[in-house]
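The values are calculated or read from the model by the stated rules, or taken from the named source; none is laboratory data. Everything numeric here is computed off the predicted structure, so don't read it as measured data. Don't worry about glycine lacking a Cβ; one is built from the backbone with ideal geometry, like all the others, and counts go over all protein chains shown.
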């Protein structure tokens with residue numbers, strides 16, 4: 001919710017079959033002196049006025065396409081009918097038309113045919129539900145590839161990765177709840193019609209729960225983006241700004257096309273939505289997986305000193321300085337560090353994954369082992385003199401070691417002129433013994 005002078009914006013997401021909950025909400029807001037002015041997406045815009053007793057009617061016109069703009073011929077014709085029945089048009093959003101009237105004014109109910117109203121609401125709701133279901137499937141597939149289906153649990157240490165993962169899970173619950181509610185509404189509605197009874201659209205409680213979930217996932221996504229923006233470099237912030245500009249510009253262009261009589265309007269709008277979706281997908285993918293393709297994480301010594309790390313000097317070598325790069329990420333769940341540095345005699349490369357939760361480290365270890373096994377590489381457990389609870393594994397080729405405790409996992413590559421024993425002991429001393 002946001003208030004500025006005599007205007008108020010409120011998040012209120014709903015599906016057509018939940019229109020009764022919106023009517024009740026608008027009537028309560030009118031009693032408080034907030035009169036609906038417009039609907040933009042999931043946002044209701046109110047203006048401050050004297051408290052009024054209004055009755056609202058939220059109607060569904062399934063004959064209007066998602067691709068149609070405002071004030072279509074069918075919508076205008078319907079408004080004239082409603083005006084004659086004593087209802088004043090307020091605003092519209094896609095298939096939704098909102099009307100109101102004074103409580104003491106004479107008016108005729110807009111819908112007199114119960115069967116026709118139910119079929120209209122059901123068909124319109126089904127289209128929204130299917131569209132949301134397709135969106136959820138795409139998001140879940142993308143998240144599976146980036147998180148659970150990936151080769152590690154590093155996403156748990158990435159603010160944007162973890163935030164997006166939580167957002168998609170909550171969003172999925174939100175939409176699955178909407179789907180189940182729609183199915184129940186559909187079954188109960190058909191039974192009521194068959195028994196000659198009025199269909200109940202009173203879904204206020206479930207609608208309230210869905211709105212709370214929607215607000216929660218919006219907060220999660222905002223915090224994730226904010227954390228990511230604060231900790232990211234300037235180039236990524238530029239990408240975020242471009243992404244926001246792209247969304248706003250595309251939305252403006254699409255709305256402009258919708259409200260113009262242009263040939264092949266629907267094809268153009270569908271193409272614009274497709275381009276926008278692909279642009280957002282590739283932009284977010286670029287930000288999340290940027291570390292996989294770009295190795296230019298050069299940071300100042302001041303920043304590097306904040307990280308508990310193992311340096312090439314610990315192996316009696318001297319860093320070439322300009323070839324040092326690393327990336328550090330942290331969330332309340334886990335922390336991750338990638339470190340790479342070239343010295344005069346050797347090259348040091350390792351990764352640290354740690355968490356105060358034992359299961360998180362085990363989860364990362366199991367994913368890594370499962371991944372290398374899939375590509376035909378076996379890891380062998382080494383017997384060492386390290387304390388109990390510190391396990392060491394070496395891949396069968398002998399050039400990669402994994403050292404793990406309950407709360408920390410280190411993966412390090414072997415180094416020329418450094419023995420296995422020295423490598424393991426130095427890693428333990430610098431990264432575990434503390």
Kindly establish whether residue 307 is assigned by TED's automatic domain parsing to the domain that holds residue 428, surrounded by 12 or more Cβ atoms within 10 Å (Cβ to Cβ) and modelled with pLDDT under 80. yes
Among the residues of the range 38-60, the number that are free of Cβ contacts under 8 Å to residues at least 60 places away in the same chain and within 23 Å of residue 13 (Cα to Cα) is 16
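Which residues, counting only those in the range 140-163, are assigned to a helix (DSSP H, G or I) and in contact with a strand residue (DSSP E or B) (Cβ under 9 Å, 6 or more places away or on another chain)? Show your work before the answer.
Filtering the range 140-163 down to residues assigned to a helix (DSSP H, G or I) leaves 140-146, 154-157, 159-163.
154, 156, 157, 159, 161, listed by residue number.
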Filtering the range 329-370 down to residues that are surrounded by fewer than 20 Cβ atoms within 10 Å (Cβ to Cβ) and under 24 Å from the mean Cα position of the chain (by Cα), which residue is farthest from residue 157 (Cα to Cα)? 367
Taking first residues from the range 416-427 that are within 16 Å of residue 343 (Cα to Cα) and second residues anywhere that are surrounded by 10 or more Cβ atoms within 10 Å (Cβ to Cβ), the pairs with Cβ under 6 Å that are 6 or more apart or on different chains are 416/346; 418/315
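Please verify whether residue 78 is at pLDDT 90 or above, surrounded by 14 or more Cβ atoms within 10 Å (Cβ to Cβ) and closer than 21 Å to residue 15 by Cβ, treating the condition exactly as stated.
Working: at pLDDT 90 or above: no; surrounded by 14 or more Cβ atoms within 10 Å (Cβ to Cβ): yes; closer than 21 Å to residue 15 by Cβ: yes.
Considered against the rule, which asks whether it is at pLDDT 90 or above, surrounded by 14 or more Cβ atoms within 10 Å (Cβ to Cβ) and closer than 21 Å to residue 15 by Cβ, residue 78 comes out as no.
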Checking residue 191 against (1) part of a helix (DSSP H, G or I); (2) surrounded by 13 or more Cβ atoms within 10 Å (Cβ to Cβ), the condition it does not meet: (2)
Residues being assigned to a helix (DSSP H, G or I), surrounded by 19 or more Cβ atoms within 10 Å (Cβ to Cβ) and touching a helix residue (DSSP H, G or I) at 6+ places or on another chain (Cβ under 7 Å): count how many of those fall in the range 20-75. 1
Just name the residue that is surrounded by the fewest Cβ atoms within 10 Å (Cβ to Cβ) out of those in the range 132-150 that are more than 16 Å from residue 360 (Cβ to Cβ) and in contact (Cβ under 8 Å) with a residue 60 or more places away in the chain. 142
Based on what the data block shows, is residue 45 modelled with pLDDT of 90 or more, touching a strand residue (DSSP E or B) at 6+ places or on another chain (Cβ under 7 Å) and not assigned by TED's automatic domain parsing to the domain that holds residue 248? yes
Return a yes/no flag: does the range 175-191 have any residue that is under 25 Å from residue 27 (Cβ atoms) and touching a strand residue (DSSP E or B) at 6+ places or on another chain (Cβ under 9 Å). no
Criterion first (without any contact (Cβ under 8 Å) to a residue 12 or more places away in the chain and under 37 Å from the mean Cα position of the chain (by Cα)) does residue 374 satisfy it? yes
Among the listed residues 390, 404, identify the single one that is in contact (Cβ under 8 Å) with a residue 24 or more places away in the chain and within 17 Å of residue 335 (Cβ to Cβ). 404
